[in-house]
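Rule-based calculations on the coordinates, nothing more; no lab input. Keep in mind it's a predicted model, so treat the numbers as computed, not measured. Here Cβ is always computed from backbone atoms with ideal geometry, including for glycine, and neighbour counts include all displayed protein chains.
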Amino acid sequence: MRYIKFLLIVSIWSILISTFPFAQEITPPSDIQKDAESLGIVLDLERPSNTDILLLRNGDKLTGTVLNETFSIRTSYAEIVLSNRIIAGIDLEGGTNNIEKIITVNNNRFSGFIDDSVFVFKLQSGDQIEVRREKVLKVVFRVREAERRGIPQRQFITLKNGDYFSGNILNEKLIIATTYAKVPLNLKDAESVTLIGAETPLTKVMMLNGDLLQGVLETEDIEIELDLGSTVKIYQDRIDVIYCQQGAMPGKSENPKTTFALRDTGPAGGVIFYDKGNYSDGWQYLEAAPASTEWTERTWGSNGTFIGGTKEDIGTGKSNTTIIVAWLNRQGEAGKAAQVCDALVVENNGVKYSDWFLPSKVELNLMYENLCRENVGSFADYYYWSSSEGDAESAWLQNFDNSLQYDYDKYSNVRVRAVRAF
């Protein structure tokens with residue numbers, strides 16, 4: 001892996017402002033502006049105004065000042081060195097994948113492996129100590145005065161590994177290869193670009209005028225000038241969504257106000273039916289589409305042919321849908337269960353959501369257990385398709401009257417409810 005190493009030193013804000021003269025010209029929407037004033041909560045802890053906090057693995061809590069001038073994190077796409085001055089929190093808990101992360105004051109997240117071997121910490125008593133990184137669980141930095149000054153808020157990018165950050169896409173145009181032409185895309189005309197799947201991801205572009213463009217992104221490397229400074233190149237299959245307009249920002253925040261409970265109304269106006277417990281791989285929640293979008297009679301498609309590659313587990317519905325839609329499109333089939341979900345666009349509170357898919361077998365059952373059985377979501381007492389294939393003649397569906405799942409004929413006309421992950 002070749003890493004791009006860059007140093008972000010922003011302790012002298014006047015220099016940063018001169019580097020980004022456009023920062024003073026950008027006026028984000030009011031909700032983003034409020035976040036821009038300060039990131040008050042990070043890593044589930046409130047940031048104090050007069051001290052840094054060092055939480056240790058043995059349960060100790062120390063207050064004082066972190067003296068390290070910079071911290072270095074090796075991500076899967078670059079090696080990043082960040083100034084102490086722009087960091088809001090550091091999480092060394094690791095989790096099951098032993099992945100650490102840094103949250104910056106402008107609410108960007110970078111995950112990977114932190115290189116620094118010790119934390120130099122000045123206690124409130126005045127004593128200075130060095131604590132090995134292996135002993136540290138979390139670090140929460142104080143809220144500094146005007147800590148966001150000079151940092152612009154431009155386009156917002158989320159990655160499939162859960163990272164997210166703001167910056168400026170430097171590629172002048174992206175090329176989308178559709179089934180009918182190669183279309184050059186100017187990002188200033190787009191609302192969002194979503195890349196679905198891993199190798200050669202399906203690309204869905206929502207245009208500002210309401211048009212939907214689908215195809216394959218031919219531009220391999222996306223060059224991004226981070227709002228924190230310097231430039232990084234990211235291969236296309238690592239990217240989840242690009243929010244193209246200045247100041248646009250999804251609900252990927254460390255702020256607990258973006259959390260949801262089961263059966264809450266979701267961002268797209270649907271209903272939350274699953275919470276993974278943490279944000280990773282580009283999502284935490286599953287949201288069922290509003291009942292008004294439900295289709296009453298759709299076949300599964302590919303009758304007589306086994307497509308292959310679909311799975312049944314939680315978190316596989318999106319990739320299943322990508323596989324199915326790509327095959328159906330090549331064969332000239334249209335209007336099938338996965339295709340209508342993939343093409344669905346729902347507008348709620350002025351935001352258009354186009355990231356819908358046909359749920360997997362297990363995801364479909366979760367929708368039944370957590371919504372239908374609780375009389376939430378206005379489901380019919382009838383059969384609903386999943387995106388999990390059985391064989392050449394059948395795919396899995398579920399009876400929402402009695403909970404039973406069946407490996408059923410693909411040519412059957414049954415109901416379809418789309419879901420999204422975020």
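For ALA190, the amide hydrogen comes within under 5 Å of the amide hydrogens of LEU208, counting only partners 5 or more places away or on other chains and with H modelled in the peptide plane. Ellipticity at 222 nm from helices only: DSSP H runs of n ≥ 4 in the chain, each -39500 (n - 2.57), divided by the residue count, give -3000 deg cm²/dmol. Calculate the translational D of the range 257-397 in whole µm² s⁻¹ from Stokes-Einstein, where the hydrodynamic radius comes from the Kirkwood formula applied to all Cα pairs, the temperature is 4 °C and the viscosity 1.567 mPa s. The calculation lands on 83 µm²/s.
Fully extending the segment from THR179 to GLU297, taken as 0.36 nm per residue of separation minus the present Cα-Cα distance, adds 39.8 nm.
Please figure out what share of the DSSP beta bridges in the chain is antiparallel and state it in percent, rounded to the nearest 5. Spell out each step's value before the answer.
Working: 98 of 103 bridges.
If we restrict to bridges inside the chain, about 95 percent are antiparallel.
Comparing GLY167, GLY308, GLY150 in a Gaussian network model of the chain (Cα springs below 10 Å), the most mobile by mean-square fluctuation is GLY308.
For the chain, no complete DSSP H run has alpha carbons reaching 30 Å or more along its own long axis together with a mean Kyte-Doolittle score of 0.5 or higher. For the pair ALA334 and GLU225, label points projected 7 Å from Cα toward Cβ lie 4.3 nm apart.
Most mobile of SER386, SER192, SER117 per a Gaussian network model of the chain (Cα springs, under 10 Å)? Answer for the Gaussian network model of the chain: SER117.
Here the simple spin-label model places points 7 Å from the Cα toward Cβ, and for ASP115 and ARG57 these points are separated by 2.2 nm. For ASN68, nonlocal amide neighbours, meaning residues 5 or more places apart or on other chains whose placed amide H falls under 5 Å from its own, are VAL120. Its Cα gyration tensor gives the chain an equivalent ellipsoid. The semi-axes, each the square root of 5 times an eigenvalue, are 42, 25, 19 Å from largest down.
Assuming 0.36 nm per residue, please report the length gained on full extension of the stretch LEU123 to LYS352 beyond their Cα-Cα distance.
77.5 nm
As a length-normalised measure over Cα pairs under 8 Å and 6 or more apart, the relative contact order of the chain settles at 13 percent.
If I take every Cα pair under 8 Å that is 6 or more residues apart in the range 41-92, average their sequence separation and divide by the length, what percent do I get for the relative contact order? Could the numbers behind the result be given before it?
Working: 43 pairs, mean separation 14.6, N = 52.
In percent, rounded to a whole number, it is 28.
The trypsin sites (Lys or Arg not before Pro) of the range 96-134 include none that meets both conditions, a loop assignment by DSSP and at most 13 other Cβ atoms within 10 Å of the site Cβ. Legend: residue pairs LYS311/LYS352; LYS160/LYS276; LYS204/LYS336; LYS160/LYS204; LYS101/LYS204, Cα-Cα distance threshold 21 Å; pairs beyond threshold, LYS311/LYS352; LYS101/LYS204. Net charge of the neighbourhood of MET206, taken over other residues with C-beta under 15 Å away and scored Lys/Arg +1, Asp/Glu -1, is -3. Taking every C-alpha pair closer than 8 Å and separated by at least 6 residues, the mean separation divided by the residue count of the range 261-421 gives a relative contact order of 30 percent.
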